[in-house]
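Colleague: One structure, pasted below without further comment.
The values are calculated or read from the model by the stated rules, or taken from the named source; none is laboratory data. As the structure is a prediction and not an experimental result, all values here were calculated from the model. Positions of Cβ are backbone-derived with ideal geometry, glycine not excepted, and every protein chain shown enters the neighbour counts.
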Amino acid sequence: MKDHTLELLIQIARGIAKQFGSDCEIVIHDLQSKDPERSILHIENGHVTNRMVGGAPSRVVLEAMDALWKCPDSLEDHLGYLTKTSDGKILKSSTLYIRDDKNVVRYMLSINQDITEFIGLSQSIKNLIETDEQPKEQPEQIVTNVSDLLDTLIDQSVALVGKPAALMNKEEKIRAIQFLNDAGAFLITKSGDKVSKYFGISKFTLYSYIDVNNRKQEEGAS
């Protein structure tokens, strides 16, 4: 049975790529994939981020997958923000959540325009590279495999707490793990083993920390 929504998205992706050229990457992710680590269904100009069909998701994709079963109504399009690649390219990105015929969020359409060369040009092209979001920190890196993604998320959780894992107390570790849980890190295969080892806790303790976070979220929503 043909998936007309996916066919339409592929048609749109090809049209955008043709319109904006080889520096514009368009990616279609399957947010309902049974294998979250291989979410890319279709990609145009994958050389921009060095990704391909069957490739790994970004942090944004993992967060969306996590939100689908926690709070699907919270998913909103995110337009005109900055990201970066592992080799230093600066991208202007947009993320759109696409619903299927049953009104369920099924796909994510991502547009990544390489604006690295534009940044150094004159004021006359300022409007071309302006974004709705001007981050105070460095743009988030787009990774090409889930191992690097998990490492990046762990680094961000440590930065959030502000001290090395070895010096964190229980509450600080819970805070770091809450960040990882909210980011969808535990959708990655064997992430629990790596995270528990990194923070010097058992897997049982890790899951108990996750339960603490989930209860806090439920209490906050009630």
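Colleague: Scan segment 45-67 and tell me whether some residue there is of a type in the set (Lys, Arg) and crowded, with 17+ Cβ neighbours inside 10 Å. If you could, list the steps in order and put the result at the bottom.
Modeller: Here is the first cut: in segment 45-67, the residues of a type in the set (Lys, Arg) are 51, 59.
After this cut, where a residue has to be crowded, with 17+ Cβ neighbours inside 10 Å as well, the list is 51, 59.
So far as segment 45-67 goes, yes, one or more of its residues are of a type in the set (Lys, Arg) and crowded, with 17+ Cβ neighbours inside 10 Å.
Colleague: Which is under 18 Å from ASN103 (Cα atoms) and of a type in the set (D, E, K, R), of LYS70, LYS84?
Modeller: It is LYS70.
Colleague: I'd like the full set of residues that are part of a loop (DSSP other than H, G, I, E, B), touching a helix residue (DSSP H, G or I) at 6+ places or on another chain (Cβ under 6 Å) and in contact (Cβ under 8 Å) with a residue 24 or more places away in the chain, limited to segment 42-58.
Modeller: Selection gives ASN45, ALA56.
Colleague: Here's a check for you: in segment 8-32, which residue that is out of contact with any strand residue (DSSP E or B) (no Cβ under 8 Å at 6 or more places or on another chain) and closer than 21 Å to ASP77 by Cβ is surrounded by the fewest Cβ atoms within 10 Å (Cβ to Cβ)? So that I can check it myself, show each step before the final result.
Modeller: Residues of segment 8-32 that are out of contact with any strand residue (DSSP E or B) (no Cβ under 8 Å at 6 or more places or on another chain), as a first pass: 8, 11, 15, 18-19, 21-22.
From what is left, the residues that are closer than 21 Å to ASP77 by Cβ are 8, 11, 15, 19.
Numbers: LEU8: 11, GLN11: 10, GLY15: 12, GLN19: 8.
In this case the residue turns out to be GLN19.
Colleague: Sticking with this structure for a sec: Name every residue in segment 182-198 that is within 12 Å of the chain's Cα centre (by Cα) and charged (D, E, K, R), in order of residue number.
Modeller: The answer is ASP182, and nothing else.
Colleague: Scan ARG14, ARG38 and give me the residue that is of a type in the set (Lys, Arg) and under 18 Å from LEU96 (Cα atoms). Spell out the reasoning first.
Modeller: Working: ARG38 fails: under 18 Å from LEU96 (Cα atoms).
Of ARG14, ARG38, the one residue that is of a type in the set (Lys, Arg) and under 18 Å from LEU96 (Cα atoms) is ARG14.
Colleague: Please work out which one of (1) free of Cβ contacts under 8 Å to residues at least 60 places away in the same chain; (2) more than 29 Å from GLN178 (Cα to Cα) is the condition GLN113 fails and give its number.
Modeller: (1)
Colleague: Report the residue count in segment 1-29 for those that are closer than 22 Å to GLY55 by Cβ and part of a loop (DSSP other than H, G, I, E, B).
Modeller: Selection size over segment 1-29: 4.
To keep it simple, each residue is scored yes or no on (1) modelled with pLDDT under 95; (2) closer than 18 Å to VAL146 by Cα; (3) not assigned by TED's automatic domain parsing to the domain that holds LEU180.
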site: ALA13; (1), (2), (3): no, no, yes
site: LYS18; (1), (2), (3): no, no, yes
site: SER33; (1), (2), (3): yes, yes, yes
site: GLU63; (1), (2), (3): yes, yes, yes
site: LEU91; (1), (2), (3): yes, no, yes
site: ASP100; (1), (2), (3): yes, no, yes
